[in-house]
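So the structure is just underneath, and the comments pick up after that.
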Amino acid sequence: MNEFRPPTTFEQKVYDALHLIPKGKVTTYRALGEYISCRSAQAIGQALRRNPMASGAPCHRVVKTDRTIGGFSGQSDGEPVMRKKRLLESEGISFQEDGTIPEEQCYFFDD
């Protein structure tokens, strides 16, 4: 059983930044990391995986640097990733034939 633990200072910075990403936009692990001065996309991914406020912090709006969907809920494929795609589509995100998200739907924190 997973016991609740409060987010670390780093994790809270990640979650706070998520609230800046407008509905209908995504950002990348790299852009999010640059915004909060973190050079590790893996650290960002781990913070998102541990997100205790999943319904309140839009972690589904973070995608890989190549603008493909990436993982979700600690999984790199399967139903969690399909759920992430459905969430993004419900917010107006579209996917090109190659599976990438158009650059104009990306948010880079300096917009």
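So here's what we get for this one:
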quantity	calculated
Spatially proximal aspartates and glutamates relative to K23 (Cα-Cα < 19 Å; intrachain offsets below 8 disregarded)	E89, E91, E103, E104, D110, D111
Equivalent ellipsoid semi-axes, region 1-103, via Cα gyration tensor eigenvalues times 5, rooted, Å	21, 16, 12
Exposed GluC sites (Glu not before Pro) absent - longest run of the chain, DSSP non-H/G/I/E/B, at most 12 other C-beta within 10 Å	4-96
Exposed-site-free run, longest, the chain (rule: chymotrypsin sites (Phe, Trp or Tyr not before Pro); DSSP loop; at most 16 other C-beta within 10 Å)	5-94
Full-extension gain in nm, S40 to H19, via 0.36 nm per residue minus C-alpha separation	5.6 nm
Low-density loop cleavage sites - trypsin sites (Lys or Arg not before Pro) in region 18-70, where at most 11 other Cβ are within 10 Å (DSSP)	K23, R39
MRE, 222 nm, helices only [DSSP H, n ≥ 4, -39500 (n - 2.57), over the chain, to nearest 500]	-10000 deg cm²/dmol
Residues of type aspartates and glutamates that K85 reaches as a straight line, Cα spacing below 15 Å, ignoring anything fewer than 8 places off in the same chain	D77, E97, D98
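Readers should treat all values here as calculations from the given coordinates under stated rules, not as data from a laboratory. This is a predicted model, so every value here is computed, not measured. All Cβ positions, glycine included, derive from the backbone under ideal geometry; neighbour counts span all protein chains shown.
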